[in-house]
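Working notes, structure below.
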Amino acid sequence: MEATLSVGRRPGALEAEIDVALAEFFTSRRGQIDAVGGGFREAVTILENFVLRGGKRVRPAFAWTGWLGAGGDPRGPQAAPVLRTCSALELVQACALLHDDIIDASTTRRGGPTVHIQFEQHHRDGNWNGDSAHFGEAVAILLGDLALAWADDMVRESGIGPEALVHISPVWSAMRTEVLGGQFLDITNEAHANESTDAAMKVNRYKTAAYTIERPLHLGAALAGADDDLISAYRRFGTDIGIAFQLRDDLLGVFGDPAVTGKPSGDDLRAGKRTVLFAKALQRADSVDPESAEWLRCSVGTDISDSEVDALRDVIASLGAVEDVEMQIEELVENALSVLAASTATPEAKQQLTEMAAAATRRTY
């Protein structure tokens, strides 16, 4: 990889460099994979294709920009090692998505079948022994575990040096714990039918915001040896934008176009996701329309038809929940940009982070 790297302003430039770093890492593991045999290479190829074929590279981009904003030199000798470290976040993301799709019983991701569904079909096509669905889930769990382990390997072998590794170690450890803890809170809320907005916001904080924006920025700052004030500003900015990012995702999970999002419309309703959007709708319904409130409670988390999804959408929108969430997104973005403006990040990074915040919170995909 070249020593001079994009700051991310040219469309697709940084994403392409991240893809190169990830592809090089997968290539470096082929000898180990081939030695195992027994179809392991084919399975890992599906993981590699999953990682490389899609995704917005949000997490590495925030980490890289955080590093630049803390004084990192994109033309210096540490640029390539830092880029490899930032790119490892995509392997953490792959682990989270593979496991999340199993938990949510999702059948599509990024416009194609989820990984566990692919392996379920392989099992069925081969007329192998045992249950096809169980086999698919088991393989996807293992590949998710492998992605998480390889994320650690990619950081350790990135070339950033022992001092930088010491700086980022507690950040990396906290991020991994937070995303798994957030996932636990998510499934627990569903199991308990927890309807509070506070519970939903806590899931957003740890399952999404922490490892999507807050910790990547923290990671970039730590790589650059930033002071506590900038790290604090980054984390406050990252938390607010990360939560706004998830709130937008919650809206898309109910109202998004499958042709754009790559996932079935209304998936969050069928999965019983206890989102802030759903919690706000219930609160409004309990106050003004108890009959709709009961219908929402009875319908979410069940195998509802497309027409029932449409009807639920209409109810949620009519209750004003969508407007509430949109207003909350605006407030979070405003607060985050105020913190960023007052920080000691470089002017170039402030501009870039402002643009990235808009892209993350106003998206339609």
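The values are calculated or read from the model by the stated rules, or taken from the named source; none is laboratory data. None of the values given here were measured: they were computed from a predicted structure. Heads up, the Cβs are rebuilt from the backbone with ideal geometry, glycines too, and the neighbour counts pull from every protein chain shown.
What helices (runs of 4 or more DSSP H) lie completely within segment 255-307 and have 2 or more residues being touching a helix residue (DSSP H, G or I) at 6+ places or on another chain (Cβ under 7 Å) and closer than 21 Å to residue 208 by Cβ? Write out each step before concluding.
Numbers: elements: 258-261, 267-271, 276-288, 290-299.
Ranges flagged: 267-271, 276-288.
Given the conditions (1) of a type in the set (Val, Ile, Thr); (2) within 19 Å of residue 214 (Cα to Cα); (3) not in a loop (DSSP other than H, G, I, E, B), report the number of the one that residue 325 does not fulfil.
(2)
Here are some residues: 177, 188. Which one is β-branched (Val, Ile, Thr) and farther than 27 Å from residue 282 by Cβ? Show your work before the answer.
Numbers: 188 fails: farther than 27 Å from residue 282 by Cβ.
177 is the lone residue from the list that is β-branched (Val, Ile, Thr) and farther than 27 Å from residue 282 by Cβ.
Report every pair of residues separated by at least 6 positions or lying on different chains whose Cβ atoms are under 8 Å apart, first residue within segment 120-141 and assigned by TED's automatic domain parsing to the domain that holds residue 44, second in a loop (DSSP other than H, G, I, E, B) and of a type in the set (Phe, Trp, Tyr).
135/128
Restricting segment 295-309 to residues that are surrounded by fewer than 13 Cβ atoms within 10 Å (Cβ to Cβ) and not small (Gly, Ala, Ser), which is farthest from residue 364 (Cα to Cα)?
Keep residues of segment 295-309 that are surrounded by fewer than 13 Cβ atoms within 10 Å (Cβ to Cβ), which gives 298, 302-303, 305-307.
Narrowing the set further to residues that are not small (Gly, Ala, Ser) leaves 298, 302-303, 306.
Details: 298: 29, 302: 26, 303: 25, 306: 20 Å.
Looking at residues that are surrounded by fewer than 13 Cβ atoms within 10 Å (Cβ to Cβ) and not small (Gly, Ala, Ser), I get 298.
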